[in-house]
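Contents: one structure, followed by commentary.
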Amino acid sequence: FRLAACLRDMEIILRYVTYAMIAGDSSVLDDRCLNGLRETYQALGTPGSSVAVGVGKMKEAAIGIVNDPSGIARGDCSQLVSELAGYFDRAAAAVA
């Protein structure tokens with residue numbers, strides 16, 4: 001059950017990081033996804049640090065996609081990468 005819940009939550013975190021990127025605002029991520037998530041994992045006996053590692057892996061993959069030179073976007077994406085990294089860092093800190 002815990003593994004299924006963690007995988008589901010990873011999908012939800014990724015979705016809300018995407019929403020935050022589109023909105024340019026972390027409030028949707030905080031309000032709809034992160035608030036109370038740490039407490040949920042504590043109640044389930046799931047180590048938040050392990051969830052934070054998973055969020056970090058999603059961050060690495062997402063940044064890799066943004067920085068992929070064969071992608072459709074050309075030019076300097078450093079601001080986009082910084083914003084994206086910040087949202088993933090926020091999610092990792094919320095569960096750790």
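The values are calculated or read from the model by the stated rules, or taken from the named source; none is laboratory data. Worth saying up front: this structure is predicted, and the values here are computed from it rather than measured. Glycine also receives a Cβ, built like all others from the backbone with ideal geometry; neighbour counts cover every protein chain displayed.
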Give me the pairs, please: first residue somewhere in region 45-66 and at positive phi, second residue anywhere and at pLDDT below 95 and part of a helix (DSSP H, G or I), beta-carbon distance under 9 Å, and either six or more positions apart or on two chains. Gly45/Arg2
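Of all the residues that make up region 49-76, how many are of a type in the set (A, V, I, L, M) and not in a helix (DSSP H, G or I)?
Of all residues in region 49-76, those of a type in the set (A, V, I, L, M) come to 51-53, 55, 58, 61-63, 65-66, 72-73.
Keeping just the survivors that are not in a helix (DSSP H, G or I) gives 72-73.
Residues meeting the conditions: 2.
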When region 1-37 is checked residue by residue, the ones that are surrounded by 13 or more Cβ atoms within 10 Å (Cβ to Cβ), in a helix (DSSP H, G or I) and either of a type in the set (Gly, Ala, Ser) or over 14 Å from the mean Cα position of the chain (by Cα) (or both) are Ala5, Ala20
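Within region 77-94, which residues are in a helix (DSSP H, G or I) and either in contact with a helix residue (DSSP H, G or I) (Cβ under 7 Å, 6 or more places away or on another chain) or of a type in the set (Phe, Trp, Tyr) (or both)?
Residues of region 77-94 that are in a helix (DSSP H, G or I), as a first pass: 78-94.
If the condition is that a residue be in a helix (DSSP H, G or I) and either in contact with a helix residue (DSSP H, G or I) (Cβ under 7 Å, 6 or more places away or on another chain) or of a type in the set (Phe, Trp, Tyr) (or both), then Leu80, Val81, Glu83, Leu84, Ala85, Tyr87, Phe88, Arg90, Ala91, Ala92, Ala94 are the ones that fit.
To keep it simple, each residue is scored yes or no on (1) closer than 13 Å to Ala94 by Cα; (2) touching a Phe, Trp or Tyr at 6+ places or on another chain (Cβ under 7 Å); (3) among the acidic types (Asp, Glu).
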site	(1), (2), (3)
Leu7	no, no, no
Met21	no, yes, no
Val28	no, yes, no
Gly36	yes, no, no
Glu39	yes, no, yes
Ala52	yes, no, no
Glu60	no, no, yes
Ile63	no, no, no
For region 2-21, enumerate the residues that are in contact (Cβ under 8 Å) with a residue 12 or more places away in the chain and of a type in the set (A, V, I, L, M, F, W, C). Ala5, Cys6, Met10, Ile12, Ile13, Leu14, Val17, Ala20, Met21
Is it the case that Thr46 is in a helix (DSSP H, G or I), over 13 Å from the mean Cα position of the chain (by Cα) and surrounded by 13 or more Cβ atoms within 10 Å (Cβ to Cβ)? no
